[in-house]
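Asks: To start, I am sharing the structure in question, which I have written as structure tokens.
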Amino acid sequence: GESVGLHLPTLSVQEGDNSIINCAYSNSASDYFIWYKQESGKGPQFIIDIRSNMDKRQGQRVTVLLNKTVKHLSLQIAATQPGDSAVYFCAENIQGAQKLVFGQGTRLTINP
Amino acid sequence: DSGVTQTPKHLITATGQRVTLRCSPRSGDLSVYWYQQSLDQGLQFLIQYYNGEERAKGNILERFSAQQFPDLHSELNLSSLELGDSALYFCASGSHLSGGDTQYFGPGTRLTVL
């Protein structure tokens, strides 16, 4: 079936450390993946995306890695800052499904 | 700022009532998506419109309906409201017909049903 899930519901890291948020997906037909950040009381904000023909994509302080062999997606945030505290969602597009499927989210807390 | 606007920001109403949530997509986007997010829950896809036509349906209750107008703004109508309908309702927009493309979210409408 189609599902996008997250390994950990919460993650705490020290300010300045790197963080890794993981996401598992079950459908090998998924061809597009997005990471969103949602701060309290706000709408999800696009962070970075990756298509299935890539295995890595970098943005500003963020890197998304895609391992199609084990159907795993991760978001790496370098040198975390207090403003990185939020819930992070991964989303996948299953080819032909006409919609994104969102995971439940991981709450990232940055400790001072 | 994503460029997607939603009104109102907050809505408080009573059970049994009907409300309308409004969304204006980013300039140039033809697709509008509606999502429901309950407390500490993920995003539940409700419905998608593309250029005025319904394109995809998710877990949308029969008491809920939506439409997209010629100017591309969209409205989500929620009727016979129940306590469990209290949630954040997000609208997102995208430029493509397929749901599988980047969606940009609005700030949401927080609905409280008392």
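Asks: Are there any pairs, at least 6 apart or on different chains, whose C-beta atoms fall under 7 Å, with the first in segment B:54-69 and within 12 Å of chain A (Cβ to nearest Cβ) and touching a residue at least 24 places away in the same chain (Cβ under 8 Å) and the second of a type in the set (Gly, Ala, Ser) and part of a loop (DSSP other than H, G, I, E, B), and if so, which?
Replies: Partner pairs satisfying both residue conditions: B:56/B:99.
Yes or no, residue by residue, for (1) closer than 20 Å to residue A:38 by Cα; (2) in contact with a Gly (Cβ under 8 Å, 6 or more places away or on another chain):
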residue	(1), (2)
B:75	no, no
B:87	yes, no
B:92	yes, yes
B:102	yes, yes
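Asks: Continuing with this model, one more query. Counting just the residues of segment A:28-62 that are more than 8 Å from chain B (Cβ to nearest Cβ), within 15 Å of the chain's Cα centre (by Cα) and part of a loop (DSSP other than H, G, I, E, B), which one comes out surrounded by the most Cβ atoms within 10 Å (Cβ to Cβ)?
Replies: The residue in question is A:52.
Asks: State the number of residues belonging to segment A:79-91 that are surrounded by 15 or more Cβ atoms within 10 Å (Cβ to Cβ) and over 10 Å from the mean Cα position of the chain (by Cα).
Replies: 4
Asks: If the requirement is being more than 12 Å from every other protein chain (Cβ to nearest Cβ), touching a residue at least 60 places away in the same chain (Cβ under 8 Å), under 30 Å from residue B:48 (Cα atoms) and of a type outside the set (Asp, Glu), which of these qualifies: A:66, A:11, A:108, A:73?
Replies: Just a single option satisfies the conditions, and that option is A:108.
Asks: Still on this structure: If you go through segment A:80-105, how many residues are on the phi > 0 side of the Ramachandran plot and within 8 Å of another protein chain (Cβ to nearest Cβ)?
Replies: Looking only at that region, the number is 2.
Values in this text are rule-based calculations from the coordinates and carry no lab data. Nothing here was measured: the structure is a model prediction, and the numbers come from that model. Because the Cβ atoms are built from the backbone with ideal geometry, glycine has one as well, and the counts that use them run over all protein chains shown.
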